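So the structure is just underneath, and the comments pick up after that.
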Amino acid sequence: MIQSMTGFGKHVIQLPSKKITIEIKSLNSKSLDLNTRIPSAYREKELELRKTIASSLVRGKVDFGLYVENTGVETSSVVNEAVVKQYMQQLGGIVPGNDMALLEIAMRMPDTMKTEREDIDEEEFKVIKEGLVLALKEINAFRTEEGRVLENDFEARITNLKELLSQVTEMDKDRLQTVRERLEKAIADIKENVDANRFEQELIYYLEKYDITEEKVRLQNHLDYFTTTLNSVDSNGKKLAFIGQEIGREINTIGSKANFAPMQQLVVQMKDELEKIKEQMLNVL
């Protein structure tokens, strides 16, 4: 079963003094393009988080956010007393004022608060990793559901292509005879005396160039292989894309060899179906 690269996952952890929110969203990309938003206190664990995400999502443009909100009385920010006192002393030397007024002005100045770095609580980080796993499960479930929609669309497109190929095969029975009659009429119209044996040899050579038997067989095989790959256990968008290229090559060759307007019209419809498959294929994992 295929998976889409589009997805979203979220998990919220409520601790006694903190609310931690984990969010992951992904879009399509040729490889894994991972962007992270992590508080500075957790930067030393970023590589570990990245490895966990990469092993689960494999491909896609992924945005990961770790948001921490203090809900208790604990805070790592403290007043920088030395800086505040210096501001008050300088302000008092400029204009007279009472201490409370000077303090109010000083606290608005830069660097009056400082943040003391906290060591990561390993138990807390263990909870975060467990939350990340749950968020990844959610985004993968989202991707699987989106993949199911894509799979249904692909199956419908492949069925349409097989039906069009069947029409091409049926039409091909009369196509070469029509081409032959057209050439014979052209010779008759110019009223030229030609060597019958030489004309027959040239005609056979000409008609062989426009034979599409091999292309029809290969196209049928590629369509069957696409369906088989689509229903395999693993999602393999790159392999499906390659098969799509081979399908396109055979359709183009049939179109170039057709030399028959009704068949070329079928080829145009086949190209339209394949183009819709290619557009959706960009989002397959």
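The values are calculated or read from the model by the stated rules, or taken from the named source; none is laboratory data. None of these values were measured; they are calculated from a predicted model. Note that each Cβ is placed from the backbone with ideal geometry, even for glycine, and that neighbours are counted across all protein chains shown.
Of all the listed residues (ILE2, ILE53), the sole one being crowded, with 16+ Cβ neighbours inside 10 Å and assigned by TED's automatic domain parsing to the domain that holds GLU130 is ILE53.
Which number in (1) out of contact with any helix residue (DSSP H, G or I) (no Cβ under 8 Å at 6 or more places or on another chain); (2) aromatic (Phe, Trp, Tyr); (3) buried (at least 16 other Cβ atoms within 10 Å of the Cβ) marks the one condition that PHE226 misses? PHE226 satisfies every listed condition except (1). Using the structure shown, decide if LYS10 is basic (Lys, Arg), within 22 Å of THR144 (Cα to Cα) and in contact (Cβ under 8 Å) with a residue 24 or more places away in the chain. Yes: the conditions hold for LYS10. The residues of segment 223-282 that are outside any helix (DSSP H, G or I) and among the charged types (D, E, K, R) amount to a single one, ASP234. Within segment 227-285, the residues that satisfy the criterion of being hydroxyl-bearing (Ser, Thr, Tyr) and under 17 Å from LYS162 (Cβ atoms) are THR227, THR228, THR229.
For segment 23-44, the set of residues classified as within 15 Å of ALA135 (Cβ to Cβ) and either in contact with an Asp or Glu (Cβ under 7 Å, 6 or more places away or on another chain) or β-branched (Val, Ile, Thr) (or both) consists of ILE24, LYS25, THR36, ILE38, listed by residue number. Between LEU66, LEU32, LEU15, LEU49, the distinction of being under 22 Å from GLN280 (Cα atoms) and in contact (Cβ under 8 Å) with a residue 12 or more places away in the chain belongs to LEU32 only. Taking the listed residues LEU266, LEU274, LEU240, the one that is more than 14 Å from LEU219 (Cβ to Cβ), in the same structural domain as TYR210 (by TED's automatic domain parsing) and surrounded by 18 or more Cβ atoms within 10 Å (Cβ to Cβ) is LEU240, with no other qualifying.
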